[in-house]
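Contents: one structure, followed by commentary.
The values are calculated or read from the model by the stated rules, or taken from the named source; none is laboratory data. Please read all numbers here as calculations on a predicted model, not as lab measurements. Note that each Cβ is placed from the backbone with ideal geometry, even for glycine, and that neighbours are counted across all protein chains shown. Heavy atoms of the whole protein, side chains included, go into the accessibility calculation; ligands, DNA and RNA do not. Shrake-Rupley method; radii C 1.70, N 1.55, O 1.52, S 1.80 Å.
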Amino acid sequence: MHVEVERKFVCDSHILEKLKDIGAVCLGHYEFKDQYLDTADFTLTLKNFWLRKREGSWELKRPTSSNSNTETWSQQNTPADSLQTEQEKDVHAEFEKWLPDMKLECFAEYTTVRCSYVLECEGEDGRVRVDLDQADFDYCVGEIEVLVSEGVETASAMQSIEKMAQKLGLGGEQKTQGKMEVYLQRFRPDHYSALLKAHVFGSNCN
Ligand code: V4E
């Protein structure tokens, strides 16, 4: 299991130029489809648990902490393609069998084209990745991200993210809406209202 420390930002038309200026190189782009599942009365998401199937792999994201504009999310994966032991395969198959009993249904499905960038020079900033995501419902968002092993201090990851944000000339205060928040706002207003009411999405994340 790992912890994702991340900061989202608004993708403006100058971002590609800024990435080039600071010496970031594109690792390539790839496309993936996400399907998010929950019960009809939003049991998981009201607790800020996000269960998704991404290209055949089950992933669960839950918050570990959040400050003004940096979030940390713990992510557990069950990658279908790289299941190693028979036991892992059994757990994956068993999990898929439980889904109907758990009454989980897909409440959001979208495809993202992601371009990932890293700084060319090795060193302290080498583990910082910048993703530019274009979702198929006409929303674009950037994310600066560092992966940290579970249990390891996240303070230095946050510093690296802030350093990258400064290099990219990003402002400090406001949180940027992620793809899911915009998706729910546009296509699932009842679900979105319930999450606002439960403070899963808050006033400081607009
Ligand atoms: C909505 C949500 C989550 C699911 C989407 O996570 P996100 O990191 O936006 O998606 P993506 O595609 O970039 O995933 P990655 O490839 O980085 O793993 S996870 C947590 N939330 C809830 C949430 C929240 N409560 N508040 C804010 C500001 N953002 C997200």
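Some points to look at:
- When Glu150 is tested against (1) more than 16 Å from the ligand (Cβ to nearest atom); (2) over 29 Å from Asp41 (Cα atoms); (3) open to solvent by 80 Å² or more (accessible area, probe 1.4 Å); (4) among the acidic types (Asp, Glu), only condition (1) is not met.
- Members of region 78-112 found to be open to solvent by 70 Å² or more (accessible area, probe 1.4 Å), closer than 30 Å to Ile161 by Cβ and modelled with pLDDT under 75, listed by number: Asp81
- Test: residue in region 26-39 that is surrounded by fewer than 18 Cβ atoms within 10 Å (Cβ to Cβ), out of contact with any strand residue (DSSP E or B) (no Cβ under 9 Å at 6 or more places or on another chain) and under 28 Å from Glu105 (Cβ atoms): no
- Hey, Glu55 in contact with a strand residue (DSSP E or B) (Cβ under 8 Å, 6 or more places away or on another chain), within 25 Å of Ile161 (Cβ to Cβ) and at pLDDT below 95 or not: no
- Those residues of region 161-181 which are surrounded by 16 or more Cβ atoms within 10 Å (Cβ to Cβ) and within 16 Å of the ligand (Cβ to nearest atom), in sequence order: Ile161, Met164, Ala165, Leu170, Lys175, Thr176, Gln177, Gly178, Lys179, Met180, Glu181
- Of the criteria (1) hydroxyl-bearing (Ser, Thr, Tyr); (2) at pLDDT 85 or above; (3) in a strand (DSSP E or B), which one Thr43 fails: (3)
- Filter pass, Tyr117 being within 17 Å of the chain's Cα centre (by Cα) and in contact (Cβ under 8 Å) with a residue 60 or more places away in the chain: yes
- Pairs linking a residue in region 10-21 that is on the phi < 0 side of the Ramachandran plot to a residue that is open to solvent by 100 Å² or more (accessible area, probe 1.4 Å) and at pLDDT below 90, with Cβ atoms under 8 Å and 6 or more positions apart or on different chains, do not occur.
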